[in-house]
Amino acid sequence: MNDLIQSIAIYAIPVIFAITLHEAAHGYAARALGDPTAWQMGRISLNPARHIDPVGTLLVPLLILLASKLLGSPGLLFGWAKPVPVDFGRLRRPKKDMLWVAAAGPAANLLMAIVWALMLRLLSQAGGLDGFWLKMAYAGVMVNLVLMALNLLPLLPLDGGRIVFSLLPHKLAWQYSRIEPYGTLIVLLLLFSGSLSFFMYPFLALGGAIVRWFL
């Protein structure tokens, strides 16, 4: 039990910020590109409390962490926040700008992974500090890389799917969009089949290579 409580304490801050600031980044990008919807609804904020989803931000990561401890194996820790409302039709160039709005979330996770990596480096160089903070910084790196990789999968409604849609010619893009109602189901099937990490690996490897520049 003490081990579980310590794990919750280590992961709580990295998980909450990784999930909620990912959503905030979409809102900032949308406003910069012409859609004020999120701003008008008070959702453009760095305050995590405005983005927390009780199930996706708190309960799901907690259950995954608990299951990983009970099974004695590392879990693929992920979750979600309340989606930031984006009206793609109000963007200045809806189809093209969709790419930048979608990419803002994973980019925010990569930036946070770099910040945690710098913290990890500073704490390691300081020496003699409580291992708790080193573990939190490491958790911050890993959680953000996992969320970045997951969201870059080329499946709608994930960010990677939005990016692919934006890049495809119009006819192919609308045909591709037909998979969106099944995207979440596909991700869950990949997760339970144990193959999700295989498809995430290229993005994890790329993110890890970038983060190592700062260690």
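Give the carbon-plus-sulfur fraction of the accessible surface of the chain in %, rounded to a whole number; probe 1.4 Å, heavy atoms of protein chains only. Using a 1.4 Å probe with all protein chains present, the chain comes out at 71 percent carbon and sulfur.
For LEU152, nonlocal amide neighbours, meaning residues 5 or more places apart or on other chains whose placed amide H falls under 5 Å from its own, are GLY160. Structure remark: mean-square fluctuation, Gaussian network model of the chain, C-alpha springs under 10 Å; the largest value among LEU188, LEU62, LEU91 belongs to LEU188.
Rolling a 1.4 Å probe over the protein heavy atoms gives region 74-215 an accessible area of 56 Å² per residue.
Look at the dipole of region 119-215 built from charges on Cβ: of LEU153, HIS170, PRO181, the Cα furthest out on the positive end belongs to HIS170. Each residue of region 13-23 was assigned a 3J(HN,Hα) from its phi angle through the Karplus curve 6.51 cos²θ - 1.76 cosθ + 1.60 (θ = phi - 60°); the sequence is 5, x, 5, 4, 5, 4, 6, 6, 6, 4, 5 Hz, with glycine and proline shown as x.
How much length is gained on full extension from ASP3 to ARG93, taking 0.36 nm per residue of separation minus their Cα-Cα distance?
In short, 27.4 nm is gained.
At an R0 of 22 angstrom, the distance between the Cβ atoms of ILE210 and SER124 translates into a FRET efficiency of 0.70. Assuming charge only on the beta carbon of Lys and Arg (+1) and of Asp and Glu (-1), the dipole of the chain about its Cα centre is about 560 debye to the nearest 20. Each Cα pair under 8 Å and six or more residues apart adds its sequence gap; the mean of these over the residue count of region 74-209 is a relative contact order of 25 percent.
Rounded to the nearest 500, the helix-only mean residue ellipticity at 222 nm of the chain stands at -23000 deg cm²/dmol, with each DSSP H run of n ≥ 4 adding -39,500 (n - 2.57). In the Gaussian network model of the chain, springs joining C-alpha atoms below 10 Å, which of GLY131, GLY140, GLY183 carries the largest mean-square fluctuation? Looking only at GLY131, GLY140, GLY183, the biggest GNM fluctuation is shown by GLY131.
The values are calculated or read from the model by the stated rules, or taken from the named source; none is laboratory data. Since this is a predicted model, take the numbers as computed values, not measurements. Note that we place each Cβ from the backbone using ideal geometry, even for glycine, and neighbour counts take in every protein chain shown. For accessibility, only protein heavy atoms count, side chains too; no ligands or nucleic acids. Shrake-Rupley method; radii C 1.70, N 1.55, O 1.52, S 1.80 Å.
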